[in-house]
1. Tell me the per residue accessible area of the range 52-180 using a 1.4 Å probe; a whole number in Å² is fine.
2. Using 0.36 nm per residue, how much length does the chain from LEU215 to THR148 gain when fully extended, once their Cα-Cα distance is taken away?
3. Please compute the length gained on full extension between VAL101 and VAL225, using 0.36 nm multiplied by the number of residues separating them and subtracting their Cα-Cα distance.
4. Pairs LYS95/LYS123; LYS75/LYS119; LYS75/LYS120: which exceed 25 Å Cα-Cα?
5. Using θ = phi - 60° and the Karplus curve 6.51 cos²θ - 1.76 cosθ + 1.60, what whole-Hz ³J(HN,Hα) does each residue of the range 167-183 get, with Gly and Pro shown as x?
6. Which listed residue (ALA149, SER272, LEU245) has the Cα farthest towards the positive end of the charge dipole for the range 138-279, taking +1 on Lys and Arg C-beta and -1 on Asp and Glu C-beta about the Cα centre?
7. Please list, by residue number, everything in the range 95-137 whose backbone N is under 13 Å from a paramagnetic label point 7 Å out along Cα→Cβ of LEU162.
8. For the range 185-193, take each phi angle, set θ = phi - 60°, evaluate the Karplus expression 6.51 cos²θ - 1.76 cosθ + 1.60, and give the result in whole Hz per residue in order, putting x for glycine and proline.
Amino acid sequence: MKIWHKIMVAPAVAIAFLALLGAVSYGFLTRQHEALEDLYGNRIGSYRFAADSAQAISEVHSNVYRLFTWVANLKEDKIKQITSEQDARIDALSKSMAQFVARPDLSAKERSLAEEISKKLRKYRQDMDTAIDLSTVDISTGISAMQTADDSFQAMLKDFRLLVQFETQLAQENYDGALSAYAKVVVALISILALALAVSVVAALWMSRMITRPLVKAVSVAKTVAAGDLTSHIEVTSKDETGELLQALKHMNASLLKIVGEVRSGTEAIGSGTAEIAR
């Protein structure tokens, strides 16, 4: 491994953990976005639908009782107009309830409550129309018949309240689930950051030692050679630039030993020749 490879190890580890952190964060944000969409689009939307539907049928019921208050003073065409308006509101509500029941994401309890409300809504419409028709003949008979419609209304309103409570409960569960997921992801992100810090520090220390150890050894060898000691044993254990430096120092040391040996041999030969000449 080259020195630049070793230098890049610690930054590469940090970059890898940053990429992991980014991937985890993106996944968490995606899940949170889906959770928010489900909470607002489904849970809160269902809650608002149930609450608005209960309000709408309550207004219809109030309008019918107001009609009974004035029915003796109203003409037949006016009574029919008001009745048609209330029937149209009930029909629109029945259509919306049918669309709500057809949603594939409903739980079994939601669908059961909505179907029961739809049945009672149809019965209420029939009882209401019957009571209004009877009131045009005899107000007392119509009011008595309206009692049946009122019973249907009260039963239906109870189911609407149950549906609103259940939608509120589901929204709370979604919210609690989102909070729990958030806490888990925060723990995961902190763990990744701590692990990244620890691994990066260890990698940096390890790589620095791998780089500095051979350099220290090369400096020591160079100082020994400079002091005139050519007996150093130089061992090359790496193949990077520091290993190449030690290998070059080893070759230099061997070359110097060879040169010193040759000079010594030459000096001895000269000394022998000089002695021969002197004799």
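1. Values: 7180 Å² over 129 residues.
Here the residues of the range 52-180 average 56 Å² of exposed surface.
2. Details: separation 67, 0.36 × 67 = 24.12 nm, distance 10.00 nm.
Taking LEU215 through THR148 to full extension adds about 14.1 nm, to one decimal.
3. Numbers: separation 124, 0.36 × 124 = 44.64 nm, distance 9.26 nm.
Roughly 35.4 nm would be gained on extension.
4. Details: LYS95/LYS123 15 Å; LYS75/LYS119 32 Å; LYS75/LYS120 30 Å.
The answer is LYS75/LYS119; LYS75/LYS120.
5. 5, 5, 5, 5, 5, 5, 5, 4, 5, 4, x, 5, 5, 5, 5, 4, 4
6. The residue sitting farthest along the positive end of the dipole is SER272.
7. 109-120
8. 5, 4, 4, 5, 5, 5, 5, 4, 4
The values are calculated or read from the model by the stated rules, or taken from the named source; none is laboratory data. What you are looking at is a predicted structure, and each value in this text was computed from that prediction instead of being measured. Every residue, glycine among them, receives a Cβ derived from its backbone with ideal geometry; neighbour counts consider all protein chains shown. These accessible areas exclude ligands, DNA and RNA; they are computed on the full protein's heavy atoms, side chains included. Shrake-Rupley method; radii C 1.70, N 1.55, O 1.52, S 1.80 Å.
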